[in-house]
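This report concerns only the one structure given below.
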Amino acid sequence: MAVAGALWLWGCGDSTVAELTDSQQAAVDAASENLCDNFDACGNVGEGKTYASRSDCETNRQAFWNEKWPVADCDDRIHGDNLQTCLDAIEAMNCNSLVDELRVMNGVCAQDKVCAGE
């Protein structure tokens, strides 16, 4: 899981990424990893799939989140609770449901929520 991986890197016990940072890059990395975890679990990562590899997924999703949460608007403005809500919604997203994906990407994870500051 993306959050667990990021926490291991920081070595911060039971805290979440959202509690540890207001960095746009950390938010982008966590959201990208969570989304690629979801796509992988849904069978959308691999040869002949939506994403040819995990790396392909992460590169694509990082570009997506960097556009959605630009550094100029979001760095040092990440709202921890809203980021955690976004990460949880990504993790719970229904497989292959465009409606659910759009709800999460454009609603729960919208820039005005995630980059709202603390």
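Brief remarks on what is shown
- Selection from segment 79-97 of residues that are among the small types (Gly, Ala, Ser), within 14 Å of the chain's Cα centre (by Cα) and surrounded by fewer than 17 Cβ atoms within 10 Å (Cβ to Cβ): Ala92
- Residue, farthest from Lys49 (Cα to Cα), within segment 79-101, restricted to residues that are part of a helix (DSSP H, G or I) and touching a Lys or Arg at 6+ places or on another chain (Cβ under 9 Å): Asn82
- Failed criterion for Val104 (all others in (1) β-branched (Val, Ile, Thr); (2) touching a residue at least 24 places away in the same chain (Cβ under 8 Å); (3) in a helix (DSSP H, G or I) hold): (2)
- Flag if Asp37 is buried (at least 16 other Cβ atoms within 10 Å of the Cβ) and touching a residue at least 40 places away in the same chain (Cβ under 8 Å): yes
- Considering only residues in segment 53-78 that are out of contact with any Asp or Glu (no Cβ under 6 Å at 6 or more places or on another chain) and assigned to a loop (DSSP other than H, G, I, E, B), the one that is surrounded by the most Cβ atoms within 10 Å (Cβ to Cβ) turns out to be Trp69.
- Only one of the numbered conditions (1) modelled with pLDDT of 95 or more; (2) surrounded by 18 or more Cβ atoms within 10 Å (Cβ to Cβ); (3) over 16 Å from Thr85 (Cα atoms) is not met by Leu7, and that is (1).
The values are calculated or read from the model by the stated rules, or taken from the named source; none is laboratory data. Note that the structure is predicted; figures quoted are calculated from it, not measured. Every residue, glycine as well, gets a Cβ built from its backbone with ideal geometry; the counts of neighbours run over all protein chains shown.
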